[in-house]
Every structure is written in structure tokens, then in C-alpha cells.
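Presented below is the structure to which this report refers.
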Amino acid sequence: MNEVMDYKSRLSDPASRKFETFSYLPAMSEAEIRKQVEYLVSKGWNPAIEHIEPQYLMDSYWYMWKLPMFGETDVNVVLAEALACHKANPDNHVRLIGYNNFNQSQGTSMVIYRGKTV
């Protein structure tokens, strides 16, 4: 059996904090972000964008970037909003969420742009 790797994530060290599934992987490229948005839209989920300062990452409240994009199926519109949020808040983490109407829950949630860590 392989040894389990310990990620030395500490509240006192903002640079070490891990968040959500993709935070253990290298940052996503624009093409990879596009694939995630395409998947979200193909499932019929409603996209939404949120952002937060890295030092408050462990808090449960993220700032909503505008309202969720109910019924939006154009991948380019979703990508443009995510990029606009990132440009307006370059030091913040930006998260893409897909709301599932059927289950009344989040179908997916991932950080697509990482902010600067102190």
C-alpha cells in the first residue's frame, strides 16, 4: 500500500491552505476552465461566480459576483463573467459554481482563478 501524503496545511500559513478538489492540482489553463464550463452547461446547471480574499478562505461566506446566470447556456458568456470577476478582483480566489435545479443543490464548485497568497 502506498503512503498517504500529508499536505501541511495550516490556518496560520495562508499559502499552505488547500480548498476544494482542484486545489491539489496545478492551476487550470483557460482551455481546462472552458471544459469545466462546458460540462456544467451540458448538465443544465445554472452557473454562478463567487470570489473571496485568500486570507478569508476558510470562512463560509464568499462574495457573489452578480446574480447566478439562470438558464445561461452560452459558455463564452460564463467565461467572460468569470474573467471580469478575476480582473476586478485580481488578488482574490474566483470560484465557479453549478447549481442543480433538480436536486436544489450545488452540482459542482471549483476555484478557477487563484488569488495571491501572502
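Residues of segment 84-118 that are farther than 23 Å from Leu25 by Cα, touching a strand residue (DSSP E or B) at 6+ places or on another chain (Cβ under 9 Å) and in a loop (DSSP other than H, G, I, E, B): Asn101 alone.
In segment 47-65, of all residues being touching a residue at least 40 places away in the same chain (Cβ under 8 Å), closer than 17 Å to Ala80 by Cβ and not acidic (Asp, Glu), the one that is surrounded by the fewest Cβ atoms within 10 Å (Cβ to Cβ) corresponds to His51.
Select, from Glu38, Glu81, the only residue that is open to solvent by 60 Å² or more (accessible area, probe 1.4 Å) and either in a helix (DSSP H, G or I) or not acidic (Asp, Glu) (or both). Spell out how you get there, then give the answer.
Working: Glu81 fails: open to solvent by 60 Å² or more (accessible area, probe 1.4 Å).
Among Glu38, Glu81, only Glu38 is open to solvent by 60 Å² or more (accessible area, probe 1.4 Å) and either in a helix (DSSP H, G or I) or not acidic (Asp, Glu) (or both).
Evaluate the following for His86: is it open to solvent by less than 80 Å² (accessible area, probe 1.4 Å), closer than 15 Å to Glu20 by Cα and touching a Phe, Trp or Tyr at 6+ places or on another chain (Cβ under 8 Å)? No. The set of residues in segment 100-118 being open to solvent by 50 Å² or more (accessible area, probe 1.4 Å) and closer than 17 Å to His51 by Cβ consists of Gln106, Arg114, Lys116, Thr117, Val118.
Residues in segment 66-74: is at least one open to solvent by less than 60 Å² (accessible area, probe 1.4 Å) and of a type in the set (Lys, Arg)? Within segment 66-74, none of the residues are open to solvent by less than 60 Å² (accessible area, probe 1.4 Å) and of a type in the set (Lys, Arg).
When you look at Met1, is it open to solvent by 60 Å² or more (accessible area, probe 1.4 Å), of a type in the set (A, V, I, L, M) and modelled with pLDDT of 95 or more, yes or no? Criteria not met by Met1.
The values are calculated or read from the model by the stated rules, or taken from the named source; none is laboratory data. The shown structure was predicted, so the numbers you read here are calculated from the model rather than taken from an experiment. So basically every Cβ, Gly included, is an ideal-geometry build from the backbone, and we count neighbours across all protein chains shown. Areas reflect the complete protein model, heavy atoms only, side chains present, ligands, DNA and RNA absent. Shrake-Rupley method; radii C 1.70, N 1.55, O 1.52, S 1.80 Å.
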